[in-house]
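Okay, structure first, notes after.
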Amino acid sequence: MIDAAVEQLLRQDPKSYVIPAEVVANVTATNTLEHALMVLSKVGYTRIPVLAPDDHLQGLLALSDVTDNLLRVPGAAVENLNQILVSDVMRPVTHWVDDPTKLEKILNLLVDEPFLPLVDDQMIFQGIITRREILKRVNYLAHNLNRQYTVTPKMIDTPAN
Ligand code: 2BA
């Protein structure tokens, strides 16, 4: 369980740590890997969501999924990637959240995941919650806890004489 005071401070403004869908780089499952490589190179992110035309979250695509295919055939050119679709290589989404205020789950999952997709109850993509945005909130907490709460240690160590 997260301490109530910590949770209250971390989720003071859940919107502040959700990157909305409109600004999240993505590809669709029917895009070719050539197109996906262009998108990944342009945005600079190593892993992005794969969406259906109706914005359903379908999977995740990592840069390494594309380069693995490129390097599989010695001497292959980037044009060869237009024979392969994102749907052929994308990874399933194993972790996501449907409520940005579920901080316990979010903090636990972000230990191992660089970001978590946020979806509605129909799996329609709403945005992402990244490690960076959550760390910004943790930083805020670290600097503001004692402005809003009185924090006193339960036990005070007295140095031995
Ligand atoms: P990565 O692409 O592996 O990026 C790891 C961290 O490197 C990012 O952490 C960010 O601090 C920095 N970074 C990488 N590329 C960047 C860029 N083009 N502009 C600014 N910073 C960049 P987080 O910000 O915590 O993001 C964690 C992961 O979330 C990223 O992992 C990426 O997979 C995804 N992500 C973040 N913002 C995204 C966006 N707008 N569109 C698509 N995916 C995004």
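Entry comment: accessible area of the chain is 64 Å² per residue, from protein heavy atoms only and a probe of 1.4 Å. When T130, T94 are compared by accessible surface with a 1.4 Å probe, the order from highest to lowest is T94, T130.
Shape descriptor for segment 1-97: Rg over Rh equals 1.13 (Cα atoms; Rh from the Kirkwood inverse mean 1/r).
Taking all protein chains together and rolling a 1.4 Å probe, Y140 ends up with roughly 80 Å² accessible. Over segment 21-161, all Cα pairs binned in 5 Å intervals from 0 give whole-percent P(r) values of 2, 9, 16, 16, 15, 11, 9, 6, 5, 4, 3, 3, 2, 1, 0, 0, listed from short to long.
3J(HN,Hα) couplings calculated from phi for segment 121-128 with the Karplus curve 6.51 cos²θ - 1.76 cosθ + 1.60 (θ = phi - 60°) are, in sequence order, 6, 9, 6, 7, 5, 10, x, 9 Hz; Gly and Pro show x.
Computed across segment 45-97, the Kirkwood radius stands at 12.2 Å (inverse of mean 1/r, all Cα pairs). The accessible surface of the chain, taken with every protein chain in place and a 1.4 Å probe, is 54 percent carbon and sulfur.
One decimal place: the segment E79-A4 gains 21.6 nm when fully extended, by the rule 0.36 nm per residue minus the C-alpha distance.
For the pair D99 and R72, a Förster radius of 41 Å applied to the C-beta separation gives a FRET efficiency near 0.55, rounded to the nearest 0.05. What stretch of the chain, leaving out the sites themselves, is the longest with no trypsin sites (Lys or Arg not before Pro) in a DSSP loop having at most 16 other Cβ atoms within 10 Å? Looking at the chain, 1-101 is the longest stretch - no exposed trypsin sites (Lys or Arg not before Pro) with at most 16 other Cβ atoms within 10 Å. Return the whole-Å distance between the Cα centroid of segment 6-22 and the Cα centroid of segment 38-105. Computed from Cα coordinates, the inter-centre distance equals 25 Å.
The values are calculated or read from the model by the stated rules, or taken from the named source; none is laboratory data. Treat the numbers as computed from the prediction; the structure is a model and nothing was measured. Neighbour counts run over all protein chains shown; Cβ positions are idealised from the backbone, glycine included. Areas reflect the complete protein model, heavy atoms only, side chains present, ligands, DNA and RNA absent. Shrake-Rupley method; radii C 1.70, N 1.55, O 1.52, S 1.80 Å.
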